[in-house]
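> Submitted below is the structure of interest, expressed as structure tokens.
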Amino acid sequence: MLIWAGLAVWLMGAGQGLCESEYRAESFRLERKDGSSREYRYLVLEPLEREEGKTYPVVLFLHGAGERGDDPRLLEKHFLDRIVESPVRERFPCYVIAPQCPKDDMWSRTIWSNRESSEQAKEPTEALAAAWAIFQKEIERLPAVDPSRLYLTGLSMGGFGSWELAARHPETFAAVVPICGGGDERQAERLINVPIWAFHGAKDEVVPVERTRSMIAAIRKAGGEPLYTEFPEEGHSSWKPAYQDPDRAIGWMFAQKRGTPMKKPANKVGGDH
């Protein structure tokens, strides 16, 4: 059981370069029942400008295994560097919350290379619990948040985390975009009403493509209608084509609103199933 203990802005020295980032670096401390605690670092992106009377979506991004540690500068690639590009940022004004997982933990308890899934643990990892707590506190304190447009996306280890967090909190997210990850098919019924567009490379040698295929099949069997794109010539880096075209994962995600029917992508392309 983890307890939120507070927020504090964490500033890096000017010589380390983060002062020029579009993201604000912060820290979050979790206290455990045994009296110990741990600091988690994360990044926050805000809209370039907030218009009076408007509200803005919030994206929770879960990074991959290579970005674990205690240096949030590692997070500023893949989705995060794409979302700040012009005109993407102008087209999709939003908040982004990007927590960082420590090196000795992971977002989900699973063996990534297994072709078959494992049962979801009763309790989340400490890192995933911290990510959820950070997200909750940020959407409470940030101004002009649209609670009907809360989104979740992640890649590789973060793809696993996205599947698990969506299953644990299916009522929260207006859209979920898990990339080259996997989940627990036993949770499929909890996901049938969650707008999902999953991506995976058919030639992925790090996380077998069967992990996403089986999740999509299980949700469809349970009555859901998740979207799935499989890139036939892509390996593990399937987040590159998924995020690159703003009319694919990013544009579709921002078009979704909780409480309304899922909007389908405007155009079908190769690899969509």
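The values are calculated or read from the model by the stated rules, or taken from the named source; none is laboratory data. As the structure is a prediction and not an experimental result, all values here were calculated from the model. With ideal geometry, Cβ positions are generated from the backbone for all residues, glycine too; neighbour counts draw on all protein chains shown. Accessible surface is based on the protein model in full, side chains and every heavy atom, while ligands, DNA and RNA are left aside. Shrake-Rupley method; radii C 1.70, N 1.55, O 1.52, S 1.80 Å.
> Across the stretch 1-41, what is the total count of residues that are part of a helix (DSSP H, G or I), surrounded by fewer than 11 Cβ atoms within 10 Å (Cβ to Cβ) and either of a type in the set (A, V, I, L, M) or modelled with pLDDT of 50 or more (or both)?
Total satisfying the criteria: 2.
> While we're here: Residue 229 passes all but one of (1) open to solvent by less than 20 Å² (accessible area, probe 1.4 Å); (2) farther than 20 Å from residue 62 by Cα; which number fails?
Among (1) open to solvent by less than 20 Å² (accessible area, probe 1.4 Å); (2) farther than 20 Å from residue 62 by Cα, residue 229 violates only (2).
> Is it true that some residue in the stretch 196-212 is assigned to a loop (DSSP other than H, G, I, E, B) and in contact with a strand residue (DSSP E or B) (Cβ under 7 Å, 6 or more places away or on another chain)?
Among the residues of the stretch 196-212, at least one is assigned to a loop (DSSP other than H, G, I, E, B) and in contact with a strand residue (DSSP E or B) (Cβ under 7 Å, 6 or more places away or on another chain), which makes the answer yes.
> Restricting to the stretch 169-203, count the residues that are touching a helix residue (DSSP H, G or I) at 6+ places or on another chain (Cβ under 9 Å) and closer than 23 Å to residue 113 by Cα. So that I can check it myself, show each step before the final result.
Step one: filter the stretch 169-203 for residues touching a helix residue (DSSP H, G or I) at 6+ places or on another chain (Cβ under 9 Å), giving 169-170, 172-192, 194-201.
Among the residues that remain, those that are also closer than 23 Å to residue 113 by Cα are: 176-188, 196-201.
Qualifying residue count for the region: 19.
> Is at least one residue of the stretch 136-156 assigned to a strand (DSSP E or B), among the polar types (S, T, N, Q), crowded, with 16+ Cβ neighbours inside 10 Å and under 14 Å from the mean Cα position of the chain (by Cα)?
yes
> Being of a type outside the set (A, V, I, L, M, F, W, C) and in contact (Cβ under 8 Å) with a residue 12 or more places away in the chain is the filter; apply it to the stretch 117-130 and report the residue that is least open to solvent (accessible area, probe 1.4 Å). Break it down stepwise before answering.
Filtering the stretch 117-130 down to residues of a type outside the set (A, V, I, L, M, F, W, C) leaves 117-120, 122-126.
Right, trim to in contact (Cβ under 8 Å) with a residue 12 or more places away in the chain and you get 117-120, 124-126.
On the way: 117: 29, 118: 50, 119: 129, 120: 39, 124: 34, 125: 4, 126: 37 Å².
It comes out as 125.
> Which is more than 16 Å from the chain's Cα centre (by Cα) and at positive phi, of 223, 235, 201? Explain how you work it out, then say what you get.
Working: 235 fails: at positive phi; 201 fails: at positive phi.
So the residue among 223, 235, 201 that is more than 16 Å from the chain's Cα centre (by Cα) and at positive phi is 223.
> Go through 133, 175, 166 for me and flag whichever is closer than 20 Å to residue 30 by Cα and either touching a residue at least 12 places away in the same chain (Cβ under 8 Å) or open to solvent by 20 Å² or more (accessible area, probe 1.4 Å) (or both).
Numbers: 175 fails: closer than 20 Å to residue 30 by Cα; 166 fails: closer than 20 Å to residue 30 by Cα.
Going through 133, 175, 166 in turn, just one is closer than 20 Å to residue 30 by Cα and either touching a residue at least 12 places away in the same chain (Cβ under 8 Å) or open to solvent by 20 Å² or more (accessible area, probe 1.4 Å) (or both): 133.
> Just the residues that are open to solvent by less than 70 Å² (accessible area, probe 1.4 Å), under 21 Å from residue 106 (Cβ atoms) and outside any helix (DSSP H, G or I), please, taken from the stretch 67-95.
Our first condition is that a residue be open to solvent by less than 70 Å² (accessible area, probe 1.4 Å); within the stretch 67-95, this holds for 67-69, 71-72, 74-76, 78-84, 88-89, 92-95.
Okay, now just the ones that are also under 21 Å from residue 106 (Cβ atoms), so 67-69, 71-72, 74-76, 78-80.
Once the filter is applied, which keeps residues that are open to solvent by less than 70 Å² (accessible area, probe 1.4 Å), under 21 Å from residue 106 (Cβ atoms) and outside any helix (DSSP H, G or I), the stretch 67-95 yields 68, 69, 71, 76, 78.
> Still on this model: In the stretch 232-272, how many are in a helix (DSSP H, G or I), surrounded by 14 or more Cβ atoms within 10 Å (Cβ to Cβ), of a type outside the set (A, V, I, L, M, F, W, C) and touching a Lys or Arg at 6+ places or on another chain (Cβ under 9 Å)?
From the stretch 232-272, those in a helix (DSSP H, G or I) are 239-244, 249-255; that's our starting set.
So of that shortlist, the ones also surrounded by 14 or more Cβ atoms within 10 Å (Cβ to Cβ) come out as 239-243, 249-255.
Those left that are additionally of a type outside the set (A, V, I, L, M, F, W, C): 240-241, 243, 251.
Add one more test, that the residue is touching a Lys or Arg at 6+ places or on another chain (Cβ under 9 Å), and what stays is 241, 243, 251.
Residues meeting the conditions: 3.
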